[in-house]
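*Asks:* Got a structure here, written out as structure tokens. Questions coming.
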Amino acid sequence: MSETRTELTERLCTLVATTTELEPGEVGPSSDFYEELGIDSLQKLDVVVATERAFGVKFTDEEAAGAQNVADLAGLIRGRREHGGA
């Protein structure tokens, strides 16, 4: 059974919170990584790598740089799953 959009987003919010040592309630789908969550570029890289490992996907540098929040990452993951690319 595949994950729903909500399940995927919740899983990503938890992953971001854990990776950046934030409280899970602080991370929402549209929370901007830099402005709202206050993470730096190295923490974002950690988030991207953790996401790739957890979901078995690989993002291009451009995709990773363009992801500004959890919703963006979720969209990238859904795109990989729909097109079968890792």
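Since every read-out is calculated from the coordinates, none of them should be taken as a lab result. Predicted model only: the values in this text are computed from it and were never measured. Quick reminder, even Gly has a Cβ in these numbers, built from the backbone with ideal geometry, and neighbours come from all protein chains shown.
*Asks:* Looking at the chain, which chymotrypsin sites (Phe, Trp or Tyr not before Pro) are DSSP coil and have at most 16 other C-beta atoms within 10 Å of their C-beta? Kindly include the intermediate steps, with their values, before the conclusion.
*Replies:* Numbers: sites: PHE33, TYR34, PHE55, PHE59; in loops: PHE33, TYR34, PHE59.
When the chymotrypsin sites (Phe, Trp or Tyr not before Pro) of the chain are filtered for loop state and at most 16 Cβ neighbours within 10 Å, TYR34 remain.
*Asks:* Under unit Cβ charges (Lys, Arg +1; Asp, Glu -1), what dipole magnitude, rounded to 20 debye, does the chain have relative to its Cα centre? If you can, show how the numbers build up before the last one.
*Replies:* Working: 8 positive and 17 negative charges, 100 e Å.
Using only the charged Cβ atoms, the result is roughly 480 debye.
*Asks:* Just one of (1) 24, 16, 14; (2) 17, 14, 12; (3) 19, 15, 11 is semi-axes √(5λ) of the Cα gyration tensor in Å calculated from these coordinates, so which is it?
*Replies:* So the structure-derived entry is (3).
*Asks:* Now, a different point. What ranking do 68-80, 19-31 get when scored by the average of other Cβ atoms within 10 Å per residue, highest first? Numbers along the way, then the final one.
*Replies:* Values: 68-80: 19.6, 19-31: 14.3.
Put in order of decreasing packing, that is 68-80, 19-31.
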